[in-house]
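Below you'll find the structure, written out as structure tokens, and then a few comments.
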2 protein chains.
Amino acid sequence: MRHQITGFSNPTIKRLRSLREKKHRKREGLFLAEGLRILTEALDSGRTPKILVVVEGTELHPLAQKIEQATVAAGGDVIETSEAIIAKLSGKSNPQSIIGIYPDHPVPLDELDRSAANIWLVAQALRDPGNLGTILRTGDAVGAGGLILIDDCVDPYSVEAVRASMGAIFTQTVSQARWPEFLSWLRSGPGELVGTSLNTDKDYQAVRYRAPTFLLIGNEAQGLPEEYEADCDTLVKMPMMGKADSLNAAVAASVMAYEVLNQNRQR
Amino acid sequence: MRHQITGFSNPTIKRLRSLREKKHRKREGLFLAEGLRILTEALDSGRTPKILVVVEGTELHPLAQKIEQATVAAGGDVIETSEAIIAKLSGKSNPQSIIGIYPDHPVPLDELDRSAANIWLVAQALRDPGNLGTILRTGDAVGAGGLILIDDCVDPYSVEAVRASMGAIFTQTVSQARWPEFLSWLRSGPGELVGTSLNTDKDYQAVRYRAPTFLLIGNEAQGLPEEYEADCDTLVKMPMMGKADSLNAAVAASVMAYEVLNQNRQR
């Protein structure tokens, strides 16, 4: 059903706005995604919002109409409101005109089907939501099975991560685990754990990766802890021709992921 | 010489703070970089700040002492101030404790030596400072000659771009040009212009790139204008196995750049 809401102090608006904070997302099991492109990606992946927020008094884009129909058909709510309130929800001065509130969907490690994909991305203590979203986006592009978040990573359901994922938050499986738990799950089946590291001379192109390949990316500033590197089957590094000794974390993950994809498609 | 400044309203502090805005950077020809890691990168590249800002009353890290000595030797100023003022300059709540103010150094197109490198990165209408900085960082890593910014790109000297570059703003040459000017310069010498595009079926690994290779990356949302694609020698695309049709701009630039580097090092 469509409701109109016009006041900033409306309890529903306050509640939706609170989803910009992790603790409220966690408590409600909901997150916020914005923009027709990302919401369409969600719909194409069979995901409908529990609440859809659209700008009042304008005719919806045909794609937005489809999303509205699907929302209503699935028993969700549609809220019409002002651009100012949408800007407030979005936190952007120039917001998208459509916002969806979706149930989050972290998948427990032991429900992952590792044989479903040749590549899995694993990130450890990732701090930047843009990097996390970008890694999800690359994961979708290379056909990864999903992203496994180790230790305290930034929230994959933050507005910034969802935005940077460009919809991949809906197409990529996300799982969260501590290292010992991850390692014991990993070793319970097939899979090669590959870490990118400065502590090796092994070129990333000199290795033939075996599927499923788990690509482990460390924290932006610290890289991987030494103990975690010791648990890897292989450590590799990308050639660095300049003065810097490392790449951006999402770039490193992507260059590695494309190498593995390229090897797989040459077989 | 070292000065101590304690007031937020001090004119020098106000002036330095104004460098967070593009128009002031442009007028002064100065920009702001922060953090020991980036300032050390600058020093290693022979660049000293005109003004160095450090936290008062603490002993400097040995690397910071070296930067201070170099600053003074080059006739620069050193300002000691409070953490609160440094936070204000940095715009971060948890700022680095050292900031340098450097002269910017865009290089005119006709002063570039294209034979100095096998890879050049070219970005068109790039909007995100994080992407721009990340592309600079990748440019350093692959030994690119520099980054050529086409049309209205975000300012490479913004605090966010400098931060994301992790010091590559000091090691990579930056040039700015309109498209016709760039194209006529490009065609005045050797060089293959390669665009990444959705409008081609040519796989990026199916092409043998000739040096110097100019890798052209389009705007985050729109990609390259059609006319610009028509001016390219080759259009290529990366395999996209998922639902999305594109990668993050910095990721696309990086995956391409590593492919070109890999081909060059196999020769």
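The values are calculated or read from the model by the stated rules, or taken from the named source; none is laboratory data. Computed from a predicted structure; not experimentally measured. Here Cβ is always computed from backbone atoms with ideal geometry, including for glycine, and neighbour counts include all displayed protein chains.
Evaluated against (1) within 30 Å of B:Tyr209 (Cα to Cα); (2) more than 19 Å from the chain's Cα centre (by Cα); (3) within 14 Å of another protein chain (Cβ to nearest Cβ), B:Ser45 falls short on exactly one condition, (2).
For region B:157-195, a residue qualifies if it is basic (Lys, Arg) and either closer than 19 Å to B:Thr138 by Cβ or within 14 Å of chain A (Cβ to nearest Cβ) (or both), and exactly one does: B:Arg163. The test for being over 16 Å from the mean Cα position of the chain (by Cα) and at pLDDT 95 or above holds for B:Gly76.
Exactly one residue out of A:Asn248, A:Asn262 is without any contact (Cβ under 8 Å) to a residue 24 or more places away in the chain and at the interface with chain B (Cβ under 10 Å from one of its Cβ atoms): that is A:Asn262. Just to be sure before I move on: is A:Leu198 at negative phi, surrounded by fewer than 22 Cβ atoms within 10 Å (Cβ to Cβ) and within 14 Å of chain B (Cβ to nearest Cβ) in the structure I sent? Yes, satisfied. Taking the numbered list (1) more than 28 Å from B:Thr213 (Cβ to Cβ); (2) crowded, with 16+ Cβ neighbours inside 10 Å; (3) in contact with a Ser or Thr (Cβ under 9 Å, 6 or more places away or on another chain) in turn, B:Gly133 passes all entries but (1). When B:Tyr204, B:Tyr228 are checked against the criterion of being farther than 14 Å from B:Trp120 by Cα, in contact with a strand residue (DSSP E or B) (Cβ under 6 Å, 6 or more places away or on another chain) and modelled with pLDDT of 95 or more, B:Tyr204 stands alone in meeting it.
For (1) away from chain B (no Cβ under 14 Å); (2) closer than 23 Å to A:Thr171 by Cα, each residue gets a yes or a no:
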site	(1), (2)
A:Asn10	yes, no
A:Lys14	yes, no
A:Ser18	yes, no
A:Gly35	no, yes
A:Thr40	no, yes
A:Glu56	yes, no
A:Pro62	yes, yes
A:Ile79	yes, no
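Can you name the residue in region A:1-23 that is surrounded by 15 or more Cβ atoms within 10 Å (Cβ to Cβ) and aliphatic (A, V, I, L, M) and, of all such residues, is nearest to the chain's Cα centre (by Cα)? Residue satisfying both the conditions and the ranking: A:Leu19. Just one of the listed residues (B:Tyr204, B:Tyr209) is in contact with a Lys or Arg (Cβ under 7 Å, 6 or more places away or on another chain) and not polar (S, T, N, Q), and it is B:Tyr204. Of everything listed in (1) within 13 Å of chain B (Cβ to nearest Cβ); (2) buried (at least 17 other Cβ atoms within 10 Å of the Cβ); (3) in contact with a strand residue (DSSP E or B) (Cβ under 8 Å, 6 or more places away or on another chain), the single unmet condition for A:Pro239 is (2).
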